[in-house]
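Trainee: Got a structure for you, questions after.
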Amino acid sequence: MTRTKYIFVTGGVLSSLGKGIAAASIGNIMESYGFTVTIIKLDPYLNVDPGTMSPFQHGEVYVTDDGAETDLDLGHYERFTSTITTQKSNWTAGRIYDNVIQKERRGDYLGKTVQVIPHVTDEIKAAIQEMEGKIDIILVEVGGTVGDIEGLPFLEAIRQIGLDLEPEDALYVHLTLVPYIKTAGELKTKPTQHSVKALLEIGIQPDILLCRAGMPLPEDIKKKVALFTNLKYEDIVSARDVDNIYEIPLIFKKEGLGNLILKKLKLEKKKDNNETWEDWVERTRHLEDEVEISIVGKYIKLYDSYKSLFEALYHGGVENNLKVKLNLVESDDLLKWNLDETFKNSGGILVPGGFGVRGIEGKIKAVEYARVNKIPYFGICLGMQTASIEYLRNVVGIKDAHSAEFTKSPKKKVFLKLKELINVEEMGHNMRLGEFSCILKKNTLSHKIYQKDKIFERHRHRYEFNPEFESILEENGMTISGKNPERDLVEMIELQDHPWFIGCQFHPEFKSRPLQPHPLFVSFIKAARGSF
Ligand code: GLN
């Protein structure tokens, strides 16, 4: 049995300081020392999962292999470490309370009054400690900011875990902001002091402070922060702003964070090797050429809505030694704009996933433009659906081709709900979620790109290709290049008479990693560069 160590990451002052990336970077550092790591995100909001929230509210919903709809920070965990996240990697207050209430209804609490302490906190502790003894390090990121009412049960639970353990088995890392006030010409430590005070009030003395600032913290500021937060000078680590998030583990290590964690957890590193990561980051510094990709989406104004997509494009770019410049196009606008003008510098056009009818006709126009002008086209999930609809409408001549998601009228429905197709409502919220297999057809572009007969990709969608239209599509020049063998569902489409035109029903972006860029993105970027 392994003696598991815990690292808790909390945040103060304000949100969006990059707590997820900080936690992921700590995971990356600990893996480079040879330890096994898992990361858990605790989210204080009351939704059972973020699946029902608008991307405007929450950003991207990250999907795991086992079909959990989770917080986008899990994407960072998977991209920065070798962790494969699961249902058990993201706990919201809603899910914790749901469990507690179900237990109460079953009578599991034997006539007791059910209370936040101990019942809710015990449920949180059990979720965190599930992997104890099986892994070297459990990293826990507590969402929200210290001082939020909703976060209290989570902070209480992590306080109790620390209390139950030897001091060297639990570490509290607190991320704060040290703002620079222009008029005073000074970095200000007061918000950090207050934030630590708020933590101390609930019984948590942080062991390490990670201080976000626009510049490295000068010695006198570090000394001041240390003095007012009951810490030593060396426990204050500067987390300066950087352009490339993938550099953060390396910068943290340089700032001494790795050794500090080892010292506090009384751990001896088994190795110290981040070479491949370092080499990769080094490559990102020398990307000379650039390729522009147009992304036609509905939530395009909010960068977080397509987090994994942008990261996957970045990874694919680095693999081709190219910077990827994003041309973000609001799909509704395309109906009014001149397309030649909009896409004039773009080597490729991508329509990503999405829900709801708004923006659909703009996306269909973008597909048509890419198809007719032979510009590399990559359609992901909804982007594959719009590509099929466009082809049936404009090439095959079925003018009323549509998806059941967007029309109630008896048009030709090319996409139907799974339950209408196979007459069962078997997927949880009737979505197809998580990893499914796909058999690739030989002698297709898709097969050539993957170099595999069978692939596994993650899904998050409600509608499926209607098999009635398969032969019509194929007879008219579109190739169905991938199918799910269990249910015979169309997973990938492509055009032969085109430099690069692929649609996939799944979301490949969830599986792209810096050191293992996703082959579809690598190939798409290459084609986009070639065509320009
Ligand atoms: N709205 C479509 C569906 O539910 C596509 C979903 C997506 O792009 N993730 O099938």
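Trainee: Of everything in the range 389-400 that's under 22 Å from Leu350 (Cβ atoms) and either more than 12 Å from the ligand (Cβ to nearest atom) or among the aromatic types (Phe, Trp, Tyr) (or both), which residue is nearest to the chain's Cα centre (by Cα)? Walk me through how you get there before you give the answer.
Mentor: Step one: of the range 389-400, the residues under 22 Å from Leu350 (Cβ atoms) are 389-395.
Keeping just the survivors that are either more than 12 Å from the ligand (Cβ to nearest atom) or among the aromatic types (Phe, Trp, Tyr) (or both) gives 390-395.
Numbers: Glu390: 29, Tyr391: 31, Leu392: 33, Arg393: 34, Asn394: 35, Val395: 36 Å.
Of everything passing the filter in the range 389-400, Glu390 is nearest to the chain's Cα centre (by Cα).
Trainee: Pairs under 8 Å by beta carbon, first residue on the phi < 0 side of the Ramachandran plot in the range 460-477, partner of a type in the set (Asp, Glu) and outside any strand (DSSP E or B), six or more apart or different chains?
Mentor: From residues that are on the phi < 0 side of the Ramachandran plot, the pairs are Arg462/Glu405; Tyr463/Glu405; Pro467/Asp488.
Trainee: Moving on. Among the residues of the range 120-168, which ones are farther than 28 Å from Ser16 by Cα and not in a loop (DSSP other than H, G, I, E, B)?
Mentor: Passing the criteria: Asp122, Leu163, Asp164, Pro167, Glu168.
Trainee: Give Asp241, Asp220 a once-over and let me know the one that is open to solvent by 10 Å² or more (accessible area, probe 1.4 Å) and within 30 Å of Lys323 (Cα to Cα). Give the derivation first.
Mentor: Numbers: Asp220 fails: within 30 Å of Lys323 (Cα to Cα).
That would be Asp241, the only listed residue that is open to solvent by 10 Å² or more (accessible area, probe 1.4 Å) and within 30 Å of Lys323 (Cα to Cα).
Trainee: Then there is this: Criterion first (buried (at least 19 other Cβ atoms within 10 Å of the Cβ), outside any helix (DSSP H, G or I) and not acidic (Asp, Glu)) does Pro206 satisfy it?
Mentor: Details: buried (at least 19 other Cβ atoms within 10 Å of the Cβ): yes; outside any helix (DSSP H, G or I): yes; not acidic (Asp, Glu): yes.
In short, yes.
Trainee: Within the range 263-279, identify whether any single residue is among the aliphatic types (A, V, I, L, M), open to solvent by 30 Å² or more (accessible area, probe 1.4 Å) and either in contact with a His (Cβ under 7 Å, 6 or more places away or on another chain) or assigned to a loop (DSSP other than H, G, I, E, B) (or both), and answer yes or no.
Mentor: Taking the range 263-279 and keeping what is among the aliphatic types (A, V, I, L, M), we get 265, 267.
Filter again for open to solvent by 30 Å² or more (accessible area, probe 1.4 Å), leaving 267.
Still in the running and either in contact with a His (Cβ under 7 Å, 6 or more places away or on another chain) or assigned to a loop (DSSP other than H, G, I, E, B) (or both): 267.
Yes; the residues of the range 263-279 include at least one that is among the aliphatic types (A, V, I, L, M), open to solvent by 30 Å² or more (accessible area, probe 1.4 Å) and either in contact with a His (Cβ under 7 Å, 6 or more places away or on another chain) or assigned to a loop (DSSP other than H, G, I, E, B) (or both).
Trainee: From (1) more than 16 Å from the ligand (Cβ to nearest atom); (2) under 18 Å from Ile360 (Cβ atoms); (3) at pLDDT 90 or above, pick out the condition that doesn't hold for Ser403.
Mentor: So the condition that Ser403 fails would be (1).
Trainee: Continuing with the same structure: Given (1) more than 27 Å from the chain's Cα centre (by Cα); (2) over 20 Å from Val367 (Cβ atoms), where does Lys413 come up short, assuming only one miss?
Mentor: (2)
Trainee: A follow-up question, please. Out of Leu72, Leu46, Leu14, report the one residue that is among the aliphatic types (A, V, I, L, M), closer than 30 Å to Glu278 by Cα and open to solvent by 10 Å² or more (accessible area, probe 1.4 Å). Don't jump to the end; show me each part of the working.
Mentor: Working: Leu46 fails: closer than 30 Å to Glu278 by Cα; Leu14 fails: closer than 30 Å to Glu278 by Cα.
Result: Leu72 is the single residue among Leu72, Leu46, Leu14 that is among the aliphatic types (A, V, I, L, M), closer than 30 Å to Glu278 by Cα and open to solvent by 10 Å² or more (accessible area, probe 1.4 Å).
Trainee: If you don't mind, another one. Would you check which residues across the range 477-498 are within 27 Å of Gly347 (Cα to Cα), away from the ligand (no atom under 15 Å from the Cβ) and at pLDDT 95 or above and list them?
Mentor: Scanning the range 477-498 gives Met478, Thr479, Ile480, Ser481, Gly482, Glu494, Leu495, His498.
Trainee: Mind listing just one residue for me: the one in the range 338-366 that is touching a helix residue (DSSP H, G or I) at 6+ places or on another chain (Cβ under 9 Å) and open to solvent by 30 Å² or more (accessible area, probe 1.4 Å) and, of those, nearest to the ligand (Cβ to nearest atom)? Don't jump to the end; show me each part of the working.
Mentor: Taking the range 338-366 as the starting set, the residues that turn out to be touching a helix residue (DSSP H, G or I) at 6+ places or on another chain (Cβ under 9 Å) are 339-340, 342-343, 346-355, 358-366.
Narrowing the set further to residues that are open to solvent by 30 Å² or more (accessible area, probe 1.4 Å) leaves 340, 355, 358, 361, 365.
On the way: Asp340: 27, Phe355: 4, Arg358: 11, Glu361: 15, Lys365: 18 Å.
Ranking the candidates gives Phe355 first.
Trainee: May I ask you to verify whether Arg283 is basic (Lys, Arg) and open to solvent by 90 Å² or more (accessible area, probe 1.4 Å)?
Mentor: Taking the combined requirement at face value, the residue does not satisfy it.
Trainee: Right, next: Are any of the residues in the range 439-446 free of Cβ contacts under 8 Å to residues at least 12 places away in the same chain and either open to solvent by less than 10 Å² (accessible area, probe 1.4 Å) or more than 30 Å from Lys323 (Cα to Cα) (or both)? Step through it out loud before you land on a result.
Mentor: Here is the first cut: in the range 439-446, the residues free of Cβ contacts under 8 Å to residues at least 12 places away in the same chain are 442-443.
Add one more test, that the residue is either open to solvent by less than 10 Å² (accessible area, probe 1.4 Å) or more than 30 Å from Lys323 (Cα to Cα) (or both), and what stays is 442-443.
The answer is yes, given that some residue of the range 439-446 is free of Cβ contacts under 8 Å to residues at least 12 places away in the same chain and either open to solvent by less than 10 Å² (accessible area, probe 1.4 Å) or more than 30 Å from Lys323 (Cα to Cα) (or both).
Trainee: OK, next. For a quick check of your reading: which helices (runs of 4 or more DSSP H) sit entirely within the range 1-114 and have at least 1 residues that are in contact with a strand residue (DSSP E or B) (Cβ under 9 Å, 6 or more places away or on another chain) and modelled with pLDDT of 95 or more? Before you say what the answer is, go through the steps one by one.
Mentor: Values: elements: 19-32, 55-58, 73-80, 93-106.
Qualifying helices (runs of 4 or more DSSP H): 19-32, 73-80, 93-106.
Trainee: Follow-up question, since we're still on this one. Please report, ordered by residue number, the strands (runs of 3 or more DSSP E) entirely within the range 314-424 with at least 3 residues that are among the polar types (S, T, N, Q) and in contact (Cβ under 8 Å) with a residue 12 or more places away in the chain. Spell out the reasoning first.
Mentor: On the way: elements: 322-330, 348-351, 377-380, 401-403, 412-417.
Here the list is empty.
Trainee: Is it true that Asn373 is more than 25 Å from the chain's Cα centre (by Cα), more than 16 Å from the ligand (Cβ to nearest atom) and within 15 Å of Ala527 (Cα to Cα)? If you could, list the steps in order and put the result at the bottom.
Mentor: Values: more than 25 Å from the chain's Cα centre (by Cα): yes; more than 16 Å from the ligand (Cβ to nearest atom): yes; within 15 Å of Ala527 (Cα to Cα): yes.
Yes.
Trainee: Give the number of residues within the range 448-469 that are buried (at least 16 other Cβ atoms within 10 Å of the Cβ) and either away from the ligand (no atom under 16 Å from the Cβ) or within 30 Å of Pro55 (Cα to Cα) (or both).
Mentor: Count: 13.
Trainee: I'm trying to understand the selection: among the residues of the range 502-512, which are open to solvent by 10 Å² or more (accessible area, probe 1.4 Å) and either in contact with a Phe, Trp or Tyr (Cβ under 9 Å, 6 or more places away or on another chain) or without any contact (Cβ under 8 Å) to a residue 40 or more places away in the chain (or both)?
Mentor: Selection gives Glu509, Lys511.
Residue-wise test of (1) hydroxyl-bearing (Ser, Thr, Tyr); (2) within 24 Å of Glu156 (Cα to Cα); (3) out of contact with any Gly (no Cβ under 9 Å at 6 or more places or on another chain).
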{"position": "Thr36", "(1), (2), (3)": "yes, no, yes"}
{"position": "Asn47", "(1), (2), (3)": "no, yes, no"}
{"position": "Pro50", "(1), (2), (3)": "no, yes, no"}
{"position": "Ser54", "(1), (2), (3)": "yes, no, yes"}
{"position": "Val61", "(1), (2), (3)": "no, no, no"}
{"position": "Thr64", "(1), (2), (3)": "yes, no, no"}
{"position": "Glu69", "(1), (2), (3)": "no, no, no"}
{"position": "Leu74", "(1), (2), (3)": "no, yes, no"}
{"position": "Arg79", "(1), (2), (3)": "no, no, yes"}
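The values are calculated or read from the model by the stated rules, or taken from the named source; none is laboratory data. Predicted, not measured: the structure shown is a model, and the values here were computed from it. Glycine also receives a Cβ, built like all others from the backbone with ideal geometry; neighbour counts cover every protein chain displayed. Accessible surface is based on the protein model in full, side chains and every heavy atom, while ligands, DNA and RNA are left aside. Shrake-Rupley method; radii C 1.70, N 1.55, O 1.52, S 1.80 Å.
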